[in-house]
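S.K.: Provided herewith is a single structure, encoded as C-alpha cells, for subsequent inquiry.
The values are calculated or read from the model by the stated rules, or taken from the named source; none is laboratory data. Here the structure is a predicted model, which means the values were calculated and not measured. Here the Cβ positions follow ideal geometry from the backbone for every residue, glycine too, while neighbour counts run over all protein chains shown. To get the accessible areas, we keep the full protein, side chains included, count just its heavy atoms, and leave off ligands, DNA and RNA. Shrake-Rupley method; radii C 1.70, N 1.55, O 1.52, S 1.80 Å.
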Amino acid sequence: MLLEEIASTLQTGNCRKVKELVNQAIEEKIPVRDILEKGLIAGMDVIGEKFKKNEIFIPEVLIAARAMNQALEIVKPLLKESGVKEKGRACIGTVQGDLHDIGKNLVKIMLESKGFEVIDLGTDVSPETFVKAAIENDCSIIGCSALLTTTRPVMQDVVKAVEAAGLKDKVKVMIGGAAVSDDFREQIGADRYTTDAATAADAALAYIA
C-alpha cells in the first residue's frame, strides 16, 4: 500500500523517493490527513520507538527527519487548504545560561513528527521568554532542556513564571536533559520529565489528547 511505502521509505531517509511517493499519493487523491498520519507520522513513530530502544542513533534520526521535513513542505499547504489543524503547539528551548541544543533539536523533530507546531526558542532562553512565547502562540506545552547542572535553577524559575502568569492549568512544563531527573522535576513542580526525545513527544501528545 502506498501509505505504508511512504512510512517505510521515510525510515531509510531517502528524501527524493519520499517526495515522489507523497506526490503520487496526492495525485491518487489520497486524503492529505492520511498521507500525514498514516504515511509520514507512522514512519517517524517507528524511528522514535527504535531510538528509544537504542536500535538506532542520532544520525539515523536526523536523516529520517530531513526526509520528513522535505515531505512536509509539500503537504503543509494542502493541510491548510483542507482545514486540517495542527494537533497542538509547544514552545521549547534550552534554558538561560546553557547553549547546548542537540537534545532540544531532537525533541523538536519528534514533536513535529507527532503533528505539533513547534516554536523553537533556541538556547539561553529566559523564563520570561518561555512564558511570553506560550501566551503569544497559545501553547499547551513548554519544553525546557538543560545539560549544565548550573542552569537547573532556571527550570524552577520557568515553573514559577508559569504559575505567576496564571497558566498552570493551561500549560504543561516538561523538562529534559542530562542535568535533570524525575526527582528534580518533582522538587521544582514541573509536570513531566522524560529521558529521551521520542518519549517527550509521546508525553506531550498524551497531554493534549
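S.K.: Looking at G13, G43, G97 in this structure, which one is at positive phi, in contact with a Ser or Thr (Cβ under 8 Å, 6 or more places away or on another chain) and surrounded by 14 or more Cβ atoms within 10 Å (Cβ to Cβ)?
M.R.: Working: G13 fails: in contact with a Ser or Thr (Cβ under 8 Å, 6 or more places away or on another chain); G43 fails: at positive phi.
Sole residue among the options that is at positive phi, in contact with a Ser or Thr (Cβ under 8 Å, 6 or more places away or on another chain) and surrounded by 14 or more Cβ atoms within 10 Å (Cβ to Cβ): G97.
S.K.: Then there is this: Quick one: how many residues across the range 87-134 are assigned to a helix (DSSP H, G or I) and of a type in the set (D, E)?
M.R.: Number of matching residues: 2.
S.K.: Please identify the pairs in which a residue from the range 172-184 that is more than 15 Å from P127 (Cβ to Cβ) has its Cβ atom under 7 Å from the Cβ atom of a residue that is in a loop (DSSP other than H, G, I, E, B) and aliphatic (A, V, I, L, M), counting only partners at least 6 apart or on another chain.
M.R.: Note: pairs meeting the criteria are G177/A146; G177/L147; A178/L147; A179/A146; A179/L147; A179/L148; V180/A146.
S.K.: Any residue in the range 22-31 that is part of a helix (DSSP H, G or I) and open to solvent by less than 20 Å² (accessible area, probe 1.4 Å)? It would help to see each step written out before you state the result.
M.R.: Within the range 22-31, the first condition is being part of a helix (DSSP H, G or I), and the residues that meet it are 22-27.
Then drop every residue that is not open to solvent by less than 20 Å² (accessible area, probe 1.4 Å), which leaves 22, 25.
Scanning the range 22-31, I find at least one residue that is part of a helix (DSSP H, G or I) and open to solvent by less than 20 Å² (accessible area, probe 1.4 Å), so the answer is yes.
S.K.: Considering the range 188-198 alone, what residues qualify as being at pLDDT below 95 and either aliphatic (A, V, I, L, M) or farther than 17 Å from T94 by Cα (or both)? Walk me through it before giving the result.
M.R.: Taking the range 188-198 first, the residues at pLDDT below 95 are 195-198.
Residues satisfying the conditions are A197, A198.
S.K.: Same structure again: With farther than 30 Å from Q156 by Cα and surrounded by fewer than 16 Cβ atoms within 10 Å (Cβ to Cβ) as the only criterion, which of K80, K38, K50 stands out?
M.R.: Working: K38 fails: surrounded by fewer than 16 Cβ atoms within 10 Å (Cβ to Cβ); K50 fails: surrounded by fewer than 16 Cβ atoms within 10 Å (Cβ to Cβ).
Only one candidate qualifies: K80.
S.K.: Let me ask something else. From the list V162, V180, which one is assigned to a loop (DSSP other than H, G, I, E, B) and either in contact with a His (Cβ under 8 Å, 6 or more places away or on another chain) or crowded, with 21+ Cβ neighbours inside 10 Å (or both)?
M.R.: Details: V162 fails: assigned to a loop (DSSP other than H, G, I, E, B).
Only one candidate qualifies: V180.
Table: residues versus (1) modelled with pLDDT under 95; (2) of a type in the set (G, A, S).
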site: S82; (1), (2): yes, yes
site: K87; (1), (2): yes, no
site: A90; (1), (2): no, yes
site: T94; (1), (2): no, no
site: G97; (1), (2): no, yes
site: I109; (1), (2): yes, no
site: S113; (1), (2): yes, yes
site: F116; (1), (2): yes, no
site: I119; (1), (2): no, no
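S.K.: Quick check on I135: is it under 20 Å from G88 (Cα atoms), of a type outside the set (S, T, Y) and crowded, with 24+ Cβ neighbours inside 10 Å?
M.R.: In short, no.
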